[in-house]
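Everything below concerns the one structure shown next.
Rule-based calculations on the coordinates, nothing more; no lab input. Keep in mind that this is a model prediction, so the values were computed, not measured. A quick note on method: Cβ atoms are made from the backbone with ideal geometry, for glycine too, and the neighbour counts reach across all protein chains shown.
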Amino acid sequence: MTNSEKNRIKDKAFQWFGITCTIIGLLVLAIFIGDIIAEGFARIDWKFLTSYPSKKPEKAGLYSAMMGTLWMLGLTAIIAIPLGIGAGIYFEEYAKKSRMANILEINLANLAGVPSIIYGLLGLEIFVRSMGMGTSLLAGACTLSLLILPIIIVSTREALRAVPNSIRQASYGMGANTWQTIWHQILPASMGGILTGIILSLSRAIGETAPLIVTGALAYVAFVPETPMDQYTVMPMQIFNWISRPQHGFQVNAAAGIIILLCITFLLNGIAVFLRNRWQKKVKW
């Protein structure tokens, strides 16, 4: 048997191994989601979506947690998106190649994989204590912004890097400066990839619990926050609170909350895929 034949056999073996692992993972995920749907789908109704938490499981609802999640998502987006895109543009288009730039690039890639609880401890010390924000929505949003900033910066840089250099040279040849080239040529061409990274990072932020627990998110909130300095709860926290209760009714409520949270996450991921595909068809090199 020749070396090429051995390599082909190894490639097929690895391919079948990967396919088998994927099928097993999908089956486990399908069983898990199916069990949750069977448990909690019947509990989802208008009353459940518009009611506040209660000590009685049949009266408990998800309204305050949903509103807190929307507040948190909006504040996090307002803080993280401009900073992330701006930093990505600077590192890719303006920063000169140097030892310091290489160190920053490596650190950015590493920060994307740091456990979320570390960001929670950082947010506790900086935003809650040092800056005096307390256990407010703003402190939680700033903490989640730190969590997703590396993802937005890296995705922005990759999207900018994917734009052919010929577009830059053509713009410079027509007399445009660096910022005019970025604003009128590079950003429109790379916006699909940038938006995809932003939406995926926000979908991760929606499901985070550990940083918000550390920065003071409440498990039981019977009101809707009205300002960024109000206390709050979010859907993962409410689900965690219900799961920790011994009554079966709260387990059903938790399953219903998980279904709604999964629907929001799948919707955001679907929007990201749609925008990416649409932008790829719109922008052709």
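Numerical summary
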quantity	calculated
Choice from ALA210, ALA162, ALA80 with maximal GNM fluctuation in the chain (Cα, 10 Å cutoff)	ALA162
Quarter of the Cα convex hull surface for the stretch 49-282, i.e. its orientation-mean projected area (nm²)	14.6 nm²
Pairwise FRET efficiency - LEU83 versus ASP35, Cβ, R0 = 41 Å, nearest 0.05	0.55
Vicinal HN-Hα couplings computed from phi for the stretch 264-272 (Karplus, 6.51 cos²θ - 1.76 cosθ + 1.60; Hz; Gly/Pro x)	5, 5, 5, 5, 4, 5, x, 4, 4
Per-residue HN-Hα couplings for the stretch 187-195 [Karplus 6.51, -1.76, 1.60; θ = phi - 60°; Hz; x = Gly/Pro]	4, x, 6, 9, 5, x, x, 5, 5
Overall form of the stretch 1-145 per C-alpha gyration tensor (a/c, 1.5; a/b vs b/c)	oblate
Cα→Cβ-extended label distance, 7 Å offset, between MET229 and LEU104, nm	3.4 nm
Gained length - ILE271 relative to ILE19, 0.36 nm times residue gap less alpha-carbon distance	88.0 nm
